[in-house]
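Read through the structure below, which is laid out as structure tokens, and then see the notes.
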Amino acid sequence: MSNETAILEPSPQGISRAATILQAGGLVAFPTETVYGLGGDARNGLAVARIYEAKGRPAFNPLIVHVPDLETAREYAIVSQAAEALASAFWPGPLTLVLPQVTGSGLSPLVTAGQSSVAIRVPAHPVAVALLRAFGGPLAAPSANPSGRISATRAAHVMDGLSGRIDAVIDGGACAVGVESTIVGMVDQPQLLRPGGVTVEALDAVLGHALTSGGSAEAPTSPGQLLSHYAPRAGVRLDVLAPKPGEVWVGFGPGCVGADLTLSQSGDLLEAAANLFHILRAADAIAGAVGIAFAPIPETGLGRAINDRLRRAAAPRS
Ligand code: TXA
Ligand code: MG
């Protein structure tokens with residue numbers, strides 16, 4: 001649409017302006033507790049096509065539909081008892097459920113890339129909730145970054161990647177969680193499709209059994225599981241305790257003496273997740289860096305989501 005991107009305040013006026021743009025089929029980036037989303041009307045094929053175009057996203061990669069509550073989710077998806085248990089425990093919050101789609105849901109087939117399932121999320125961020133209510137419909141919203149690049153956790157990150165390609169961004173400050181939602185497939189047996197803001201440990205506790213891992217990079221169930229993703233310009237190495245000359249070393253925990261940057265000085269995974277994408281961008285912006293080297297992060301709790309994103313950032317580019 002327009003080639004100038006408006007920066008809106010998270011005020012009732014800003015939200016009302018954003019809702020008007022969305023109702024007209026335009027695109028608005030908005031804060032969620034995980035990352036910024038690039039929103040468009042999920043019922044409007046043209047709006048959804050604009051999302052794919054603005055991101056440069058392969059059209060086979062389906063989008064998450066955001067709704068304000070479980071009741072609204074039922075208009076679009078069939079929520080089984082097991083799915084409802086997860087929804088009650090973690091909505092609103094950083095959990096996306098892939099569910100069978102209701103026949104005649106009214107969602108554009110482009111949102112689901114023609115699949116019969118649909119990914120639904122109820123975000124917790126007050127600005128996202130206010131926007132969903134003001135707009136009055138389901139919002140398709142992938143992360144607000146060019147496809148394959150680092151996700152945006154601040155309005156300035158959104159502008160870096162998408163300025164001039166979208167109508168507006170609501171500036172709601174930094175995202176508290178910092179990594180995307182956990183995606184659980186609930187079409188058959190519960191399956192972890194992407195680790196994220198809700199830990200596997202917390203999901204297991206509600207399910208009463210260990211969640212199985214679904215899909216893989218070679219045969220992705222969730223097409224976002226393509227291996228190279230979140231790619232900075234510089235190369236990335238992981239589990240580094242002794243960086244090479246010229247590498248930007250990103251530490252974790254008090255042991256990383258001499259690190260150029262740190263995900264968390266005290267070794268706090270919550271803080272590390274919140275900092276992840278900002279630090280990845282900051283490291284990539286350091287002039288003359290020959291690469292970015294990350295210290296080891298424990299593979300527990302949010303560390304699972306952090307390591308997942310870092311492995312993709314480090315993966316060979318296609
Ligand atoms: O935290 C988040 O989830 C953020 C915020 C904005 O809500 N959104 C986000 O969207 O990360 P995106 O598009 O970057 O990632 C969505 C993932 C993709 O990997 C996609 O393949 C998967 O969800 N997905 C969407 N619909 C699906 C479906 N029907 N079946 C399987 N995977 C699906
Ligand atoms: Mg994304």
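Answer yes or no as to whether A174 is closer than 23 Å to L27 by Cβ and surrounded by fewer than 24 Cβ atoms within 10 Å (Cβ to Cβ). Talk me through it step by step, then tell me what you get.
Numbers: closer than 23 Å to L27 by Cβ: yes; surrounded by fewer than 24 Cβ atoms within 10 Å (Cβ to Cβ): yes.
In short, yes.
Mind telling me which of the residues E33, E4 ends up being more than 27 Å from V184 (Cα to Cα) and in contact (Cβ under 8 Å) with a residue 40 or more places away in the chain?
On the way: E33 fails: more than 27 Å from V184 (Cα to Cα).
Going through E33, E4 in turn, the sole match is E4.
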**Asked** Which one of the conditions (1) under 29 Å from L46 (Cβ atoms); (2) within 16 Å of ligand 2 (Cβ to nearest atom); (3) modelled with pLDDT of 95 or more does P220 fail to meet, given that it meets all the rest?
**Response** (3)
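Considering segment 154-184 alone, what residues qualify as being assigned to a loop (DSSP other than H, G, I, E, B), hydroxyl-bearing (S, T, Y) and more than 12 Å from ligand 2 (Cβ to nearest atom)? Don't jump to the end; show me each part of the working.
Here is the first cut: in segment 154-184, the residues assigned to a loop (DSSP other than H, G, I, E, B) are 154, 163-167, 171-181.
Filter again for hydroxyl-bearing (S, T, Y), leaving 163, 181.
Result: S163, single match.
Suppose the filter is within 9 Å of ligand 1 (Cβ to nearest atom) and modelled with pLDDT of 95 or more; does A128 pass it? Break it down stepwise before answering.
Details: within 9 Å of ligand 1 (Cβ to nearest atom): yes; modelled with pLDDT of 95 or more: yes.
For A128, the condition - within 9 Å of ligand 1 (Cβ to nearest atom) and modelled with pLDDT of 95 or more - is met.
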**Residues located in segment 113-128, provided they are among the β-branched types (V, I, T) and either over 20 Å from A87 (Cα atoms) or in contact (Cβ under 8 Å) with a residue 60 or more places away in the chain (or both)** = V127
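The rows are residues; the columns are (1) within 12 Å of ligand 1 (Cβ to nearest atom); (2) in a loop (DSSP other than H, G, I, E, B).
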position: L86; (1), (2): no, no
position: P92; (1), (2): yes, yes
position: T96; (1), (2): yes, no
position: P100; (1), (2): yes, no
position: T103; (1), (2): no, yes
position: P109; (1), (2): yes, yes
position: V118; (1), (2): yes, no
position: A124; (1), (2): yes, yes
position: G137; (1), (2): no, yes
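Yes/no per residue for (1) in contact (Cβ under 8 Å) with a residue 24 or more places away in the chain; (2) more than 16 Å from ligand 2 (Cβ to nearest atom):
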position: A42; (1), (2): yes, yes
position: L46; (1), (2): no, yes
position: I51; (1), (2): yes, no
position: P62; (1), (2): yes, no
position: E75; (1), (2): yes, yes
position: A85; (1), (2): yes, yes
**Asked** So which residues in segment 6-18 are surrounded by 19 or more Cβ atoms within 10 Å (Cβ to Cβ) and within 22 Å of the chain's Cα centre (by Cα)?
**Response** L8, P10, I15, A18
**Message:** List the residue pairs whose Cβ atoms are under 8 Å apart, where the first residue sits in segment 131-151 and is more than 15 Å from I170 (Cα to Cα) and not assigned by TED's automatic domain parsing to the domain that holds V65, the second is in a loop (DSSP other than H, G, I, E, B) and within 16 Å of ligand 2 (Cβ to nearest atom), and the two are 6 or more positions apart or on different chains.
**Reply:** none
**Message:** Tell me yes or no: at least one residue of segment 119-128 is surrounded by fewer than 24 Cβ atoms within 10 Å (Cβ to Cβ) and over 20 Å from the mean Cα position of the chain (by Cα).
**Reply:** no
**Residues (surrounded by fewer than 19 Cβ atoms within 10 Å (Cβ to Cβ) and acidic (D, E)) located in segment 39-96** = E53, D69, E71, E75, E84
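Suppose we filter segment 129-144 for residues that are within 12 Å of ligand 2 (Cβ to nearest atom) and crowded, with 24+ Cβ neighbours inside 10 Å; how many remain? I'd like the intermediate steps shown before the answer.
Step one: list which residues in segment 129-144 are within 12 Å of ligand 2 (Cβ to nearest atom), which gives 141-144.
Subset that is crowded, with 24+ Cβ neighbours inside 10 Å: 141, 143-144.
Final tally of qualifying residues: 3.
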**Residues of segment 266-309 that turn out to be under 18 Å from I150 (Cα atoms), in contact with a strand residue (DSSP E or B) (Cβ under 8 Å, 6 or more places away or on another chain) and in a loop (DSSP other than H, G, I, E, B), as a count** = 2
**Message:** I need the full set of residues from segment 63-78 which are within 20 Å of A128 (Cβ to Cβ) and either in a loop (DSSP other than H, G, I, E, B) or more than 16 Å from the chain's Cα centre (by Cα) (or both), in order please.
**Reply:** L63, V67, P68, D69, L70, E71, T72, A73, R74, E75, Y76, A77
**Request:** Return yes when S163 is in the same structural domain as G93 (by TED's automatic domain parsing) and crowded, with 24+ Cβ neighbours inside 10 Å and no when it is not.
**Result:** no
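The values are calculated or read from the model by the stated rules, or taken from the named source; none is laboratory data. The model shown is predicted, which means the values in this text are computed figures rather than measured ones. Backbone-built Cβ (ideal geometry, glycine too); neighbour counts: all protein chains shown.
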